[in-house]
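To start, the structure itself, in C-alpha cells.
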Amino acid sequence: MKRKIGGVETDRSLRPDGKLANGQIRFGEASIMISGAGRGFPASQSTFYLYVENADAAMKQALENGMEKIMDGANMPYGDRQGGAKDRAGNIGDCHSASPVRRISEAAPRRCATGC
C-alpha cells in the first residue's frame, strides 16, 4: 500500500517466522495500521477511504504500481473528487480529495443516506 498510493512506513513488527505481524503507514497527516493474517485472524479483504491532497495523482500512482481501476476519478455530488482501485488481493482503495469549500476535517462526520 505504501508504494501503490504513496504512503510512508512508520513502524513494522514481524512475527518469529519473519512475516508481517503489523505495520503502520502514514499518508500526509493520517496513518493506518495493517496486520498480516495469522492464527485466529484469517486473511480478509478491506476497503480504505483515503483523503489525499490530489485524488487524481493518487489514482495515477496506484495504477502505475499495479492496482486495477474500478472507478474513474470523478466529481461527486457531495463535493469530493473520488476514484477507486483494487489490488491483487481484492482490497479496495478509494482516493478522495475534499472540495475547496469542504475541508478534510469537515468530511468525516457524514452519514450514509442508505443507513450503512
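Looking for something within 30 Å of residue 79 (Cα to Cα) and of a type outside the set (Ser, Thr, Tyr) - is there at least one such residue anywhere in the range 35-47? For the range 35-47, residues within 30 Å of residue 79 (Cα to Cα) and of a type outside the set (Ser, Thr, Tyr): present. Of everything listed in (1) of a type outside the set (Gly, Ala, Ser); (2) in a strand (DSSP E or B); (3) surrounded by 15 or more Cβ atoms within 10 Å (Cβ to Cβ), the single unmet condition for residue 61 is (2). For residue 99, the conditions (1) of a type outside the set (A, V, I, L, M, F, W, C); (2) in a loop (DSSP other than H, G, I, E, B); (3) modelled with pLDDT under 55 are fulfilled apart from (3).
Can you name the condition, by its number, that residue 108 falls short on among (1) surrounded by 15 or more Cβ atoms within 10 Å (Cβ to Cβ); (2) at pLDDT below 80; (3) within 30 Å of residue 36 (Cβ to Cβ)? Result: residue 108 fails condition (1) only. Within the range 66-78, being surrounded by 15 or more Cβ atoms within 10 Å (Cβ to Cβ) and either part of a loop (DSSP other than H, G, I, E, B) or in contact (Cβ under 8 Å) with a residue 40 or more places away in the chain (or both) holds for one residue alone: 67.
The values are calculated or read from the model by the stated rules, or taken from the named source; none is laboratory data. Keep in mind that what you see is a predicted model, and the values were worked out from it rather than measured. All Cβ positions, even for glycine, are placed from backbone atoms using ideal geometry, and neighbour counts span all protein chains on display.
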